[in-house]
Amino acid sequence: MKALSSEEIQDHLKEVDGWHYSGDKLSKDFTFADFKEALSFMVRVGFEAEAQAHHPEWLNVYNRVSVSLNTHDAGGKVTVKDFKLAKAIDRVVSRNEGS
């Protein structure tokens, strides 16, 4: 897996909402109504991550989940694989909001 250049990362950031790039990671914070919703989000993302064989680094405190993505196979750099999972994570949130 090839690491993206800074220019490529900036181009891909235009395709995702609210994600930012810093410290060789693609990151986004999510806030939910309560812990149950945050945990539900993590479970749904977990299934998507497993299907893509690409797993996030994340932190959960009550109703907040912070997600960071980079690709170990690319030396801990950001790749297209990270943007693919970021888009899938956003779809998980969108489906939940539409319920």
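Results for (1) farther than 18 Å from Leu85 by Cα; (2) aromatic (Phe, Trp, Tyr); (3) touching a strand residue (DSSP E or B) at 6+ places or on another chain (Cβ under 6 Å), shown as yes or no for each residue.
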{"site": "Asp24", "(1), (2), (3)": "no, no, yes"}
{"site": "Lys36", "(1), (2), (3)": "yes, no, no"}
{"site": "Val45", "(1), (2), (3)": "no, no, no"}
{"site": "Ala49", "(1), (2), (3)": "no, no, no"}
{"site": "Leu69", "(1), (2), (3)": "no, no, yes"}
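Scanning region 46-88 for residues that are acidic (Asp, Glu) and farther than 19 Å from Lys14 by Cβ, which turns out surrounded by the most Cβ atoms within 10 Å (Cβ to Cβ)? Going through the qualifying residues, I end up with Glu48. Restricting to region 8-50, and then to whatever is among the hydrophobic types (A, V, I, L, M, F, W, C) and touching a Lys or Arg at 6+ places or on another chain (Cβ under 8 Å), can you tell me which residue is nearest to Ser66 (Cα to Cα)? Out of the qualifying residues, it is Phe30.
Among the residues making up region 53-99, those that are assigned to a loop (DSSP other than H, G, I, E, B) and over 24 Å from Met1 (Cβ atoms) are Tyr62, Asn63, Gly98, Ser99. Return the only residue of Lys28, Lys36 being basic (Lys, Arg), modelled with pLDDT of 95 or more and over 14 Å from Val92 (Cβ atoms). On inspection, the qualifying residue turns out to be Lys36.
Annotation: of all residues in region 22-45 being of a type in the set (D, E, K, R) and closer than 28 Å to Leu4 by Cβ, the one that is surrounded by the most Cβ atoms within 10 Å (Cβ to Cβ) is Lys28. Does Ala49 meet the test of being without any contact (Cβ under 8 Å) to a residue 60 or more places away in the chain and either part of a loop (DSSP other than H, G, I, E, B) or at negative phi (or both)? Yes, satisfied.
The values are calculated or read from the model by the stated rules, or taken from the named source; none is laboratory data. Predicted model, so just to flag it, every value in this text is computed and none were measured. Please note: Cβ atoms are built from the backbone with ideal geometry, for glycine as well, and neighbour counts cover all protein chains shown.
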